[in-house]
Amino acid sequence: MAAATTASISLSLHLRLRPPLPPPRRPARYAAFLLPTPSFLPQRLRLAPCRPTWRPDVRVRAGSSIGALPALARPGGAVETDRLPSDVRDRAMEAVDHFGGRVTIGDVASRAGLQLAQAERALQALAADTEGFLEVSEDGEVLYVFPKDYRTKLAGKSFRMRVEPLVDKAKEVGAYLVRVSFGTALIASIVLVYTTIIAILSSSSSDEDSRGRRRRSYGSTIIIPTDMFWYLDADYYRRRRVEKENGMNFIESVFSFVFGDGDPNDGLEEKRWKMIGQYISSNGGVVTAEELAPFLDVPPPSEESKDDESFILPVLLRFQGHPEVDEQGNILYRFPSLQRTASSKSGGSREYVGTKWSAMFGGVEKYLEEKPWKFSKANAAEKAMVAGLGGLNLFGVIILGNLLKQMTVTPGGLISFAAQLYPLLQIYAGSFFAIPLFRWFLLRKTNNDIKKRNTAREQRAQELLSPDSSLRRKLLSARDMAQRKVITPEEIVYTTEKDLSEQDYEVKEWERRFKELESE
């Protein structure tokens, strides 16, 4: 009875005879293929005019939902792929390419690190837009098959995919202009501040001797920005070499000094889920919590955390897994959707206990390692130069403020212009050091937390390198329960590539399978 229940859920394959005259006890049904999209009503398509008096109604399980096969053709409809987030689309396409264009939902979910629902939706959209088709195995598993030129077909239909490279390029140019503008503002501020100081002192001179002394004073002041530009010009070739090595020039290093260079762990979550999905799939869909701990945010090993496996819950939700208890009472985690694949490219279930870790991973990191944040990617000489110019600007702003307060005559021209901009000059000069100082304290705490997480994951990985007897038995039990099913073309019993009437179905074979299901 259990076998019948499992077969009805996994395959749910019913054969309905359609006598020409009286209706049967069960109403005749047609194979309905639905494409669940949020913007369009479901469309029911008959596969082909059915000449025989029987028609199979194929229903399979995709992910965890049980429903009819989705329609893959929508003549005149919208481009379904444009409704997907860009990262989901790109990751799904990368997985399809990796497996040679013939995939299951589990293949894409594990390779791309996507949720099963996201992988299913992405495959349906890609197949609808690229003339892909479905195959159904005799066990009721659904495979998505794509033509070799599916990327070309998709690019020809999707205006969004043609525009995205231009948008990304515009974002890069905009980000570069912001970085350069901030550095240019420092040079402009220094020139404006010290030129205004000279103008104020010149306008307040009363006699020739004082003017001479002030001119000598001006000369010592005005040489600073002059020397600065001379330094930039004389050091041009060295700076160009540094720019080539570090990916930034001196002007960009000003922005880097104040605001940093962005998150060094950008894309960490995508990498995390890819590593987890590929690990589960390569181990036959059955793993222990200890095996996934090196990829998750876990506490360090201790007696209190030894029996705590709550960190595995996000993985169960993402890949629709469930816990199982083996004969020895160990809790293992099975992921049925990741046990079925359309390609043997990733190999079968591998034996792993202890020292076979390196063979298990094949060059992949043993644990997820976060990169510490850097204060700035600029080299030491550039940071010293930027700090010196920032200090020069701050000193000039302070002097300029005192001179503006002492003026008794309403200024005009350059002095008036500088007086109007003075609040902005103050904000710029103050934030030039306040922001880096705040970042420095924040980065200390952030990097300390990153170090703790990396240490905890590394310790969990070390436990797997030399497992104790109980963990060894648990790992062996997980390998024994692993079941990785490769669906070969010989197992395909139905495909949407051909009309139903053209496919080589035998009525007696369908009747035999139907009777077997009914008898069970």
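Here's the yes/no breakdown for (1) at pLDDT below 90; (2) open to solvent by 80 Å² or more (accessible area, probe 1.4 Å); (3) more than 30 Å from residue 308 (Cα to Cα):
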{"residue": "360", "(1), (2), (3)": "yes, no, no"}
{"residue": "364", "(1), (2), (3)": "yes, no, no"}
{"residue": "410", "(1), (2), (3)": "yes, yes, yes"}
{"residue": "452", "(1), (2), (3)": "no, yes, no"}
{"residue": "459", "(1), (2), (3)": "no, no, no"}
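What are the residues in segment 471-491 that are more than 14 Å from residue 326 (Cβ to Cβ) and assigned to a helix (DSSP H, G or I), if any?
489, 490, 491
Mind checking whether some residue in segment 141-151 is farther than 25 Å from residue 83 by Cβ and open to solvent by less than 30 Å² (accessible area, probe 1.4 Å)?
yes
Where the second residue is of a type in the set (D, E, K, R) and in a loop (DSSP other than H, G, I, E, B) and the first is within 20 Å of residue 324 (Cα to Cα) and open to solvent by less than 70 Å² (accessible area, probe 1.4 Å) and lies in segment 294-313, which pairs have Cβ atoms under 9 Å and are six or more apart or on separate chains?
311/297
Could you check, for segment 190-208, whether at least one of its residues is within 30 Å of residue 416 (Cα to Cα), of a type outside the set (Ser, Thr, Tyr) and either in a loop (DSSP other than H, G, I, E, B) or modelled with pLDDT under 85 (or both)?
Yes: segment 190-208 contains one or more residues that are within 30 Å of residue 416 (Cα to Cα), of a type outside the set (Ser, Thr, Tyr) and either in a loop (DSSP other than H, G, I, E, B) or modelled with pLDDT under 85 (or both).
Surrounded by 12 or more Cβ atoms within 10 Å (Cβ to Cβ), assigned to a loop (DSSP other than H, G, I, E, B) and more than 25 Å from the chain's Cα centre (by Cα): does that describe residue 343? Reasoning before the result, please.
Values: surrounded by 12 or more Cβ atoms within 10 Å (Cβ to Cβ): yes; assigned to a loop (DSSP other than H, G, I, E, B): yes; more than 25 Å from the chain's Cα centre (by Cα): no.
Spelling it out, it is not the case that residue 343 is surrounded by 12 or more Cβ atoms within 10 Å (Cβ to Cβ), assigned to a loop (DSSP other than H, G, I, E, B) and more than 25 Å from the chain's Cα centre (by Cα).
The values are calculated or read from the model by the stated rules, or taken from the named source; none is laboratory data. Because the structure is a prediction, the values reported are computed rather than measured. We place every Cβ from the backbone using ideal geometry, glycine too, and count neighbours over all the protein chains shown. Heavy atoms of the whole protein, side chains included, go into the accessibility calculation; ligands, DNA and RNA do not. Shrake-Rupley method; radii C 1.70, N 1.55, O 1.52, S 1.80 Å.
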